[in-house]
Amino acid sequence: MGYCPECRSEYQPQITRCDACGVDLVAQLPPEEELVPVYASTEVLEANLVRETLIAEGVDAALTSSEDHVFPTSGVHTAHRVLVARSATKHAYEVLDAALEAKLFGAFGEIVKG
């Protein structure tokens, strides 16, 4: 079997290039890198702006959302988190710090360091 190192698709042995990505297949994929949160917001638009800012600066980023039950207040609040590969956190924090200093975002969220 061959695997695309870009999209991680699996191909039959006779195929040597990924149809979608146009790159040569590899015999084995490297393990996926752990994603860690670098920013959290209560507003999806702000979280998406953070994600897009990171991507524009060369940091691959993903957005995930989950419902948090917050006490003692009643109700359900949605938390939106921006995730990056653990190896990219230093660069991500540099980008986020500069963007927060320029007040591009930050009204509804905060940097997550841990």
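Would you kindly calculate the mean projected area, averaged across all directions, of the convex hull enclosing the Cα atoms of the chain, in square nanometres?
9.3 nm²
What order do you get for L63, L45 when you list them from fewest to most C-beta neighbours inside 10 Å?
Going from least to most buried by this count: L45, L63.
Where does helix 44-56 land angle-wise versus the long Cα axis of the chain, in degrees 0 to 90, nearest 10?
50 degrees
In degrees, nearest 10, range 0 to 90: what is the angle between the Cα axis of helix 89-101 and the longest Cα principal axis of the chain?
40 degrees
What value, in deg cm²/dmol to 500, does the helix sum -39500 (n - 2.57) over DSSP H runs of n ≥ 4 give at 222 nm once divided by the residues of the chain?
Mean residue ellipticity at 222 nm (helix-derived): -7000 deg cm²/dmol.
Quickly work out the T16-to-K90 label distance, labels modelled 7 Å from Cα along the C-beta direction, and quote it in nm with one decimal.
3.9 nm
Scan the chain and report its longest stretch carrying no GluC sites (Glu not before Pro) that are both in a DSSP loop and have at most 16 other Cβ atoms within 10 Å.
58-114
Among A47, A61, A99, which one shows the highest mean-square fluctuation when the chain is modelled as a Gaussian network with alpha-carbon springs under 10 Å?
It is A99.
Where a number appears in this text, it was derived from the coordinates with a stated rule and is not lab data. Remember, it's a predicted structure, so these values are computed and weren't measured experimentally. Note that each Cβ is placed from the backbone with ideal geometry, even for glycine, and that neighbours are counted across all protein chains shown.
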